[in-house]
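Before any comments, here is the structure.
The values are calculated or read from the model by the stated rules, or taken from the named source; none is laboratory data. Predicted model only: the values in this text are computed from it and were never measured. All Cβ positions, glycine included, derive from the backbone under ideal geometry; neighbour counts span all protein chains shown. Side chains are part of the model used for accessible areas, which takes the heavy atoms of the whole protein and leaves out ligands, DNA and RNA. Shrake-Rupley method; radii C 1.70, N 1.55, O 1.52, S 1.80 Å.
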Amino acid sequence: VQTCLNTHMSLPHTPSIFEKIIKREISADIVYEDADFIVIADIKPIQPGHVLVIPKTPFPDFVSADAVTIAEGSKLCQKIARGLLKLPKVKGINVITNNGAAAGQSVFHLHWHVIPRHEGDNFPMWHGSAESASLQAETCAYLKKILIDE
Ligand code: 5GP
């Protein structure tokens, strides 16, 4: 039973697909690896060069990770983004981490998507609606409070 980093501390840890890739139990195109991170080609890329930056510690998601992992993962994403932007077709980059199933997370081991974007590639992003604007003030008031208090 490995160290359990999910919220159910008494449950045995079920290794994610990314842990199996880290341990070479499942193959992947490994783009980079060091002591703390692995970067792999996404198996279903939005564009060529769509990679996943994965900490070796199996934090289930962004909110459960420690500050050093978030900082180092972010730096690695930036390095990859800078490199991708040197390619002629790459005109923009999305750096995304999905946190929770409701946000589209399907692998519950923290990872950032670094996605090169081409001009007019039409990958659909979310678009806000005017109706939600009225609820913004209420939720942002909550955020203003917790960001000062905590
Ligand atoms: P999420 O939906 O959790 O934000 O992203 C999970 C990502 O992992 C998806 O983009 C999916 O294509 C990728 N993925 C899932 N299984 C595998 C796999 O076995 N190998 C690789 N290379 N990528 C995977």
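The percentage of C-alpha pairs in the stretch 83-139 whose separation is greater than 19 Å is 53%. When the chain is fully extended, how far beyond the present Cα-Cα distance does residue 41 get from residue 137, taking 0.36 nm per residue of separation? 30.6 nm is the gain from fully extending residue 41 to residue 137. The calculated FRET efficiency for residue 20 paired with residue 75, based on their beta-carbon distance and R0 = 22 Å, is about 0.30.
Ordering 93, 37, 77 by the projection of their Cα atoms onto the charge dipole of the stretch 21-93, which places +1 on the Cβ of Lys and Arg and -1 on the Cβ of Asp and Glu, puts 93 at the extreme positive end. Comparing the chain with the 2.2 N^0.38 Å rule of thumb, its C-alpha radius of gyration ratio is 1.19 (two decimals). Taking the accessible area of the stretch 6-144, probe 1.4 Å, and keeping the other protein chains in place, the carbon and sulfur fraction comes to 60%.
For the stretch 60-138, applying the loop criterion from DSSP together with a ceiling of 12 other beta carbons within 10 Å to the trypsin sites (Lys or Arg not before Pro) yields 86. If R0 is taken as 30 Å, the Cβ-Cβ distance between residue 86 and residue 107 corresponds to a FRET efficiency of 0.55.
With an 8 Å cut-off on Cα pairs and a minimum separation of 6 or more residues, tell me the relative contact order of the chain in percent.
So the answer I get is 20 percent.
Taking a straight Cα-Cα cut-off under 16 Å and skipping sequence neighbours fewer than 8 places away in the same chain, the lysines within cross-link reach of residue 75 are 56.
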